[in-house]
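Below is one structure; the comments refer to it alone.
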Amino acid sequence: MIRIDAVWLAVEPVDLRAGMDTVLARVVAVFGAAHPHQAYLFTNRRCNRIKVLVHDGFGVWLAVRRLHRGRFLWAASASSRLSLTREQFDALVLGLPWQRLGESAVITLV
């Protein structure tokens, strides 16, 4: 299992045709590095695909998820910080309405 201590959401859409090097370059430009045990989430303009870049402490993983119907409910760009529980994060990546669930752990937006 990959340990994830923090999750960062990119609020601006990204061209998800980009590969690992391009996504990693975006993370490095914003944070200076892909930090161990942190995940970085990106969505496309239509919010029907997400890419998750995770640094597991040894290397970098890149995962893609696509919804065939519907859209991922993404955070508004007007907010700079957003608190999510693990339950909310799990709902977000499944494409479910996560805003109605409880609040707790901090997940910071890029």
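The values are calculated or read from the model by the stated rules, or taken from the named source; none is laboratory data. Predicted model, so just to flag it, every value in this text is computed and none were measured. Counting neighbours? That spans all protein chains shown, and the Cβs are built from the backbone with ideal geometry, glycine included.
Within segment 1-58, take every residue that is of a type in the set (Asp, Glu) and either in contact with a Pro (Cβ under 9 Å, 6 or more places away or on another chain) or crowded, with 20+ Cβ neighbours inside 10 Å (or both) and give me the one that is farthest from Leu94 (Cα to Cα). Across segment 1-58, the extreme among qualifying residues is Asp56. Among the criteria (1) farther than 19 Å from Ala75 by Cβ; (2) outside any loop (DSSP other than H, G, I, E, B); (3) of a type outside the set (Lys, Arg), the one Val23 does not fulfil is (1). The single condition from (1) surrounded by 13 or more Cβ atoms within 10 Å (Cβ to Cβ); (2) modelled with pLDDT under 90 that Ser77 fails is (1). Can you name the residue in segment 80-108 that is over 17 Å from Ala10 (Cβ atoms) and among the charged types (D, E, K, R) and, of all such residues, is modelled with the highest pLDDT? Top of the filtered list is Asp90. Could you check segment 15-34 and list, in sequence order, the residues that are out of contact with any helix residue (DSSP H, G or I) (no Cβ under 9 Å at 6 or more places or on another chain) and not hydrophobic (A, V, I, L, M, F, W, C)? Of everything in segment 15-34, those that are out of contact with any helix residue (DSSP H, G or I) (no Cβ under 9 Å at 6 or more places or on another chain) and not hydrophobic (A, V, I, L, M, F, W, C) turn out to be Arg17, Gly19, Asp21, Thr22, Arg26, Gly32.
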